[in-house]
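The values are calculated or read from the model by the stated rules, or taken from the named source; none is laboratory data. Remember, predicted model here, so these are calculated numbers, not experimental data. Don't worry about glycine lacking a Cβ; one is built from the backbone with ideal geometry, like all the others, and counts go over all protein chains shown. Ligands, DNA and RNA are stripped out before the accessible areas are found, and what is left, the full protein with its side chains, is counted by its heavy atoms. Shrake-Rupley method; radii C 1.70, N 1.55, O 1.52, S 1.80 Å.
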Amino acid sequence: MIRPAVPSMSDSTGDRLADPPAGVVAGPPAPHHHHEPLAERSDHPIAIAVDHVTKRFETGGDRGTVALDDVTFGIRVGEFVSLIGPSGCGKSTLLRLVSGLVTPTAGTIRVNGLGPLEARRKRQFGIVFQAPVLFDWRTVDANVGLPLQVFRRPKAEIAHRVRELTDMVGLADFRDHYPWQLSGGMQQRVSIARALTFAPPFLLMDEPFGALDMITRDRMGNELLQIWAATPGTTVMFITHSIPEAILLSDRVVVMSAHPGRIVTTVDIELPRPRTEAVRESAAFYRYENELRRMFHEAEGAHG
Ligand code: ADP
Ligand code: MG
């Protein structure tokens, strides 16, 4: 798979450091914004461009809730980017804005040059949430095949695609099972398979493994990387609370702070792929972990 050597989005803001081996941003994270006009960078095409986006929810009476305040960032084609930040910092809101489920109060979002709604209509997104949304009375096959049924695809095509998808997520032996007969991890694999139905260029995942135990979660991370490797060019926007998970999976980690939600900094994860056990146990991995943990806590404390 082509894995573009993605330059840090923060290069020009001066917060890159003189420690290339770790590739971690040095010093206290300056609570700055990335105001660089994304569209003008041509080294790698920007797949998702979020430009000066603010989202305020009207919550009656007062000034409402500012979920996101002037957020600018981009994700390049084929990149795997994780967002981490304290609860309530606007991660889910950002994902919902990108997918066109909510509209920004200010600013613009482009997805492969389209507005989010248009991109959604063109089935550019596969979306996976923390809780798998499965129908209890449908088998794995019938759950995975649902979007194709909705679009009234021919039976043979549905059967073929469902087999491909269930194979891809390792559920070949469970296709006749019902959701309640599956573990949490397996249920989430059904959700992932279904999200991949139309081979979407974008996979948007909102804490997809957040409800799983640690061991299952690790395994799912590895499986997701295999799926991603098997679908070249897929751009992933992944939300997580877990720092090791973000490091394991990502090309880049975006750290956010809360109240209002802002991007604090971006860290390039310059670890080799595949992310083997050896990579995960490397000193570089732990350096990233320590650095991100510190940033995460500073972001958490920044606004009380
Ligand atoms: P995160 O996913 O990082 O935990 P969210 O994006 O869910 O954060 O929420 C960010 C902020 O926006 C929170 O203060 C939350 O209460 C508020 N918020 C989110 N969705 C809505 C909504 N539909 N109406 C009002 N407030 C909302
Ligand atoms: Mg959330």
For segment 163-227, shape from the Cα gyration tensor axes a ≥ b ≥ c, cut at a/c of 1.5 then a/b versus b/c, turns out oblate
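How much length would be gained if the chain were fully extended between residue 300 and residue 59, taking 0.36 nm per residue of separation minus their Cα-Cα distance, in nm to one decimal?
Between residue 300 and residue 59, full extension yields 84.4 nm more.
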Within straight cross-link reach of residue 55, meaning Cα distance under 18 Å, which lysines are found once same-chain residues fewer than 8 apart are removed?
91
I'd like the accessible area for residue 160, computed on protein heavy atoms only with a 1.4 Å probe and all protein chains in place. Round to 10 Å², please.
100 Å²
Simple spin-label model, 7 Å along Cα-to-Cβ: residue 286 to residue 101 in nm?
3.8 nm
Just the number please: accessible area per residue for segment 182-283, 1.4 Å probe, all protein chains included, in Å².
32 Å²
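Sort 270, 281, 207 from largest to smallest accessible area, using a 1.4 Å probe on the heavy atoms of the protein chains. Could you put the intermediate results ahead of the total?
Working: 270 90, 281 120, 207 35 Å².
Listed by decreasing accessible area, they come as 281, 270, 207.
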So, with a 1.4 angstrom probe, what is the percent of accessible area on segment 64-136 that is carbon and sulfur?
52 percent
Quick one: accessible area per residue over segment 142-181, 1.4 Å probe, rounded to a whole number of Å²?
64 Å²
Within segment 112-205, report the chymotrypsin sites (Phe, Trp or Tyr not before Pro) that DSSP leaves as loop and that have at most 12 other Cβ atoms within 10 Å.
135, 137, 151
Note the full-extension length gain between residue 211 and residue 117 as 0.36 nm times their separation in residues minus their Cα-Cα distance, in nm to one decimal.
31.0 nm
Between segment 218-258 and segment 116-188, how many Å separate their Cα centres?
21 Å
Checked segment 94-219 with the C-alpha gyration tensor, a ≥ b ≥ c its square-rooted eigenvalues, rounded below a/c of 1.5, otherwise prolate if a/b is larger than b/c and oblate if not; verdict oblate
When a/c reaches 1.5 or more, the comparison of a/b and b/c decides; with that in mind, is segment 149-271 rounded, prolate or oblate per its Cα gyration tensor?
prolate
